[in-house]
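Written out below as structure tokens is the structure these notes cover.
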Amino acid sequence: MTQSASIVASLCLVLDRQLPTPLFRQLYSGLREAILSGHLEGGTRLPPTRELAEELEVSRNTVVNAFEQLIAEGYLEGKVGAGTYVTSILPEDVFKTNIDVRNASSGVPMSGAAISRWGASLTAKSVVPIRYARNPRAFQPGVPAIDRFPFDLWAKLTARCWRHPARELLSYGDPHGYWPLREAIAGYLKASRGMKCEPEQVIIMAGSQQALDLTARVLLDPGDAMWIEDPGYLGARHVFAGLGVRLVPVEVDKDGLNVEEGIRRCPDVRLAYVTPSHQYPLGVTMSLARRLALLEWATRTGAWVLEDDYDSEYRYEGRPLAALQGLDNTGRVIYMGTFSKVLLPALRLGYLVVPPALVDTFVQARSIADRHSPSLDQMILTEFMNEGHFARHIRRMKHLYVERQAVLIEAARQKLDGLLQIQPSTTGLHVVGWLPPRRDDRLASQHIQCQGVDTPPLSAYHIAPPQRSGLVLGYAGVEPQAIRTAVEHIARALS
């Protein structure tokens with residue numbers, strides 16, 4: 001027995017084939033418990049998957065699935081050419097430290113207080129920052145040009161709606177959403193995205209995060225498997241992992257999600273989460289062949305596809321691509337959209353378009369989640385769309401973002417040659433900057449952050465170790481002069 005295997009054997013891991021719980025789930029639970037209890041300390045190297053499989057007398061896939069889930073949830077990390085390690089900062093240590101600090105500052109005794117393992121893991125992993133900057137910095141991804149929002153126009157619409165509000169809008173609203181807004185969204189999606197949808201299929205949500213959470217709860221049970229893009233959107237990954245879903249990372253290449261790889265790795269998953277129009281964070285578009293293959297697989301296996309269409313309005317060459325949902329003839333696609341990227345993040349309004357067979361179930365779940373979205377906000381947005389302001393705002397922002405991206409590309413050409421390679425993008429609100437080989441993007445990001453600039457490392461979006469390191473730069477919400485200044489700070493940090 002090797003030393004690494006003996007370390008795991010010392011934990012007394014026993015897999016019981018008589019239990020209904022899958023073996024990979026038993027191994028996952030045993031390792032996670034060992035990490036949380038401190039028996040597996042941060043920095044401990046785990047044995048290779050093949051070696052551990054032999055030790056436990058299980059298939060290698062059982063060990064791989066357990067490791068992948070622990071990596072996805074932040075308990076393990078893979079290091080290229082070096083193996084798999086327990087993360088250096090143990091979840092229970094960070095959790096205890098944070099609780100002690102809060103306890104000391106508030107003077108509130110914490111004895112007997114407890115939260116769930118999921119809650120503890122969220123504290124340890126810092127999924128989202130607890131403190132948000134009042135003014136977003138360059139180059140924080142996902143932030144539109146807040147400074148160019150038509151505030152005066154929105155204020156007039158707000159005053160009009162509040163001056164003579166319909167009485168029914170002042171009471172509890174429809175969890176399905178405000179009917180005129182659902183009509184406006186359905187008409188917009190048919191015209192701009194080539195979708196097959198009626199207002200009855202549109203459900204108004206409190207942004208994309210609620211849509212992700214609701215979809216996971218309606219369609220998946222703990223332990224179910226799903227495909228998730230690798231690299232991919234962290235907000236989605238943490239929602240699904242937090243609900244006990246087994247994540248199957250599927251590689252993204254120049255044609256989008258590799259459907260063949262997904263089928264090869266795990267063909268019988270219940271759900272596939274994709275960003276086909278503008279993959280996050282790489283920015284590629286899923287090819288037609290891959291789209292058709294994904295739909296054929298979903299139809300054949302009875303799986304669902306969740307299409308996250310977070311910023312496809314901003315396509316700078318030609319018209320926006322037709323949505324994957326528009327190609328679906330068998331009702332397997334759930335479509336998700338948001339107004340956070342096209343209007344304001346603070347608006348907190350998004351929507352789902354679900355197949356007719358799922359509408360009643362989703363509406364019931366929506367009513368339980370938080371009853372309904374603010375009725376007056378829905379009414380104001382309806383007026384904004386129906387009077388043509390929404391379409392005009394998108395046109396103005398497209399021109400603005402093309403200009404801001406051009407400023408970034410030119411500044412990078414002048415200041416970042418040999419340090420960071422940034423290619424133009426024909427869509428979206430961010431670009432990826434590629435670092436030279438063997439550069440640590442997490443370390444680079446930390447150095448840049450010390451200069452007052454945010455550039456999340458690309459490796460943070462990966463589950464499997466990335467083949468190439470890079471940085472994600474959101475340029476849409478940054479003024480041209482601030483872009484140039486931020487690029488100078490990046491050059492100083494990377495030099």
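For the reader, a short list of remarks on this structure follows.
- Beta bridges by DSSP in the chain, antiparallel share as percent, to the nearest 5: 60
- Per DSSP, loop trypsin sites (Lys or Arg not before Pro) in region 434-495 with at most 14 further Cβ within 10 Å: R438, R468
- Principal-axis tilt of helix 151-163 within the chain, Cα atoms, nearest 10 degrees: 80
- Normalised by the number of residues in the chain, the mean separation of alpha-carbon contacts (under 8 Å, six or more apart) gives a relative contact order of 17 percent.
- Going from the residue with the fewest nearby Cβ atoms within 10 Å to the one with the most, I203, I368, I263 rank I368, I263, I203.
- Two-site label geometry, Q421 and L234: point separation in nm, points 7 Å out along Cα→Cβ: 2.5
- Three-way shape label, region 3-86, alpha-carbon gyration tensor, a/c 1.5: rounded
- Calculated [222 nm] ellipticity per residue, helices only, for the chain: -13500 deg cm²/dmol; basis is -39500 (n - 2.57) per DSSP H run with n ≥ 4, divided by all residues, nearest 500.
- Once the C-beta distance of D440 and E403 is scaled by a Förster radius of 35 Å, the resulting FRET efficiency is 0.60 to the nearest 0.05.
- Working ranking of peptides 425-435, 148-158 by packing, defined as the average number of other Cβ atoms within 10 Å per residue, highest first, is 425-435, 148-158.
- Cα gyration tensor, the chain - rounded (a/c under 1.5), prolate or oblate: prolate
- Per DSSP, loop GluC sites (Glu not before Pro) in region 367-456 with at most 13 further Cβ within 10 Å: E387
Here, each number is a calculation from the coordinates, and none is a lab measurement. Since the structure is predicted, the reported quantities are computational estimates derived from the model, not experimental observations. Here Cβ is always computed from backbone atoms with ideal geometry, including for glycine, and neighbour counts include all displayed protein chains.
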